[in-house]
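The next block holds one structure in the form of C-alpha cells; read it before the comments.
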Amino acid sequence: MASLKALKNRISSVKSTQKITKAMKMVAAAKLRRAQQAAEAGRPYAERLNAVMASLAPKVTVGPNSPRLLAGTGSDQKQLLVVATSERGLAGAFNTNIVRAARKRADELIAAGKDVRFYLIGKKGRAVIQRLYPGKIVHQVDQSHIKNVAFTDALEVARDLTARFEAGEYDVAHLFFAKFQSALVQLPTEVQLVPVSIPANDTATTGATAAVEYEPDEESILAELLPRNIAIQLFRAMLENAASEQGSRMNAMDNATRNAGDMINRLSIQYNRTRQAAITTELVEIISGAEAL
C-alpha cells in the first residue's frame, strides 16, 4: 500500500496535470473558432474552381498537346501519397486517422504492384510511415514555423509537387487530410491531386448548356488553372487540417481533464482510507499499551 506522502505527492502531480490540460482545452477552443471560419470560407472557392475545370475539361481533347496535369503521363505505376498531418501531438486520434487512411491506400497499391512513395506535410506521421515503409519518404515539409496557414505556404508545396511531376518522379498523386465537420467529427479524406480528377456527371457538365467561346482557348485556360487548382486544394486541406486539429485537441484535453478529476477523486478516497487506517492502528497501539500497564 502506498504511503500517505506518496499519495499526497501523486494527487498534487495529477492536479498540476489537470491545470495544464484545462488550459490547453481553452486555448484549442479559442483557436478552433478562427480555424473553423477559415476552413468554411475556403470551401466555396475550391469547389467552384473544381466546377469550372469540370466544365472546361470535356471541351479539351486529351492528347499529346493537352496539359499534362490533366492528361497524366499515360501510366499509373509511380504513386505518390501526400500525407498532411500536424506538427504537434496531443490531438487525440487526429493524426492517427489520417495516417491510417494513407496506410490503407498504400497497402492496396503495393498489393497491386505499384511503386508507392510518401510526401509528408507535417512531422507527426513520419515515425509510423518510416517504420512501416522504410526508404519510401521522398520529402517532408516543415511547418513548425507557421502560426496561421497562408496561401503562399500551399503554393510553395504545389510548385514543388508540380516540378516533381514534370521531372517524372511520379505518375499519380493522392492527398490525405482530415475534413472538418464539427468539433467532434473530423473525417479522413482522400483527394486525387495529379492528374487533376474531374468528377464524372458533374452538375456543371449536365443539364442545359450554352454555346460558349473561350478566349484564349480551353487548353490555355486549363494550363493556367490546373497548377492553381493544386495549390487551392492543398490550401483547403491545410485549412481543414488546422480546424480539425484544434477540434480534436479540444476534445482530447477535455477528456484528459475529466479523467484527471476522476483520478484525483479515487486517490483522495485512497488517501483518506490510508490515513484512517493509520490513525486506527495508532489508537489500537495506544490502547494495547495502556492495557499492558
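Across the stretch 1-54, the number of residues qualifying as of a type outside the set (A, V, I, L, M, F, W, C) and closer than 30 Å to Ala278 by Cβ comes to 12. Inclusion of Glu87 among residues that are modelled with pLDDT under 90, in a helix (DSSP H, G or I), surrounded by fewer than 19 Cβ atoms within 10 Å (Cβ to Cβ) and of a type in the set (Asp, Glu) is not warranted.
Among the candidates Leu81, Leu49, Leu109, the residue that is within 30 Å of Ile129 (Cα to Cα) and in a helix (DSSP H, G or I) is uniquely Leu109.
Here Phe165 clears all of (1) surrounded by 14 or more Cβ atoms within 10 Å (Cβ to Cβ); (2) outside any loop (DSSP other than H, G, I, E, B); (3) within 11 Å of the chain's Cα centre (by Cα) except the condition numbered (3). Selection of first residues in the stretch 178-197 that are within 30 Å of Ala223 (Cβ to Cβ) and of second residues that are loosely packed, with under 15 Cβ neighbours inside 10 Å and modelled with pLDDT of 90 or more, restricted to Cβ pairs under 6 Å at least 6 apart or on distinct chains, gives the following pairs, ordered by first then second residue: Lys179/Leu187. Would you mind stating whether Ala200 is among the aliphatic types (A, V, I, L, M) and either at pLDDT 90 or above or assigned to a loop (DSSP other than H, G, I, E, B) (or both)? When the stated conditions are applied, Ala200 passes them. For the stretch 101-134, a residue qualifies if it is of a type in the set (A, V, I, L, M) and closer than 14 Å to Lys78 by Cα, and the qualifying residues are Ala106, Leu109, Ile110, Ala111, Ala112, Val116.
Within the set Gln130, Gln140, the sole residue that is surrounded by fewer than 18 Cβ atoms within 10 Å (Cβ to Cβ), more than 14 Å from Ala84 (Cα to Cα) and without any contact (Cβ under 8 Å) to a residue 24 or more places away in the chain turns out to be Gln130.
Taking residues in the stretch 269-289 that are closer than 17 Å to Ala6 by Cβ, and partners anywhere that are hydroxyl-bearing (Ser, Thr, Tyr) and surrounded by 10 or more Cβ atoms within 10 Å (Cβ to Cβ), the pairs with Cβ atoms closer than 8 Å and at least 6 places apart or on different chains are Thr274/Ser3. Taken together, the criteria place Tyr170 among residues that are hydroxyl-bearing (Ser, Thr, Tyr), assigned to a loop (DSSP other than H, G, I, E, B), buried (at least 20 other Cβ atoms within 10 Å of the Cβ) and in contact with a strand residue (DSSP E or B) (Cβ under 9 Å, 6 or more places away or on another chain).
Let's see how each residue does on (1) hydroxyl-bearing (Ser, Thr, Tyr); (2) in contact with a Pro (Cβ under 9 Å, 6 or more places away or on another chain); (3) modelled with pLDDT under 90:
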site: Ala208; (1), (2), (3): no, no, yes
site: Val212; (1), (2), (3): no, no, yes
site: Pro216; (1), (2), (3): no, no, yes
site: Phe235; (1), (2), (3): no, no, no
site: Asn241; (1), (2), (3): no, no, no
site: Glu245; (1), (2), (3): no, no, no
site: Arg249; (1), (2), (3): no, no, no
site: Thr257; (1), (2), (3): yes, no, no
site: Ile269; (1), (2), (3): no, no, no
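Look through the stretch 143-159, keep the residues that are exposed (fewer than 15 other Cβ atoms within 10 Å of the Cβ) and of a type in the set (S, T, N, Q), and return whichever of them is nearest to Val99 (Cα to Cα). In this case the residue turns out to be Ser144. Filter the stretch 1-31 for residues that are hydroxyl-bearing (Ser, Thr, Tyr) and at pLDDT 90 or above and give the result. Once the filter is applied, which keeps residues that are hydroxyl-bearing (Ser, Thr, Tyr) and at pLDDT 90 or above, the stretch 1-31 yields Ser12, Ser13, Ser16, Thr17, Thr21. When each of Leu56, Leu49, Leu80 is tested for being within 30 Å of Ile221 (Cα to Cα), at pLDDT 85 or above, surrounded by 14 or more Cβ atoms within 10 Å (Cβ to Cβ) and not hydroxyl-bearing (Ser, Thr, Tyr), the lone residue that passes is Leu80.
The values are calculated or read from the model by the stated rules, or taken from the named source; none is laboratory data. Since this is a predicted model, take the numbers as computed values, not measurements. Here Cβ is always computed from backbone atoms with ideal geometry, including for glycine, and neighbour counts include all displayed protein chains.
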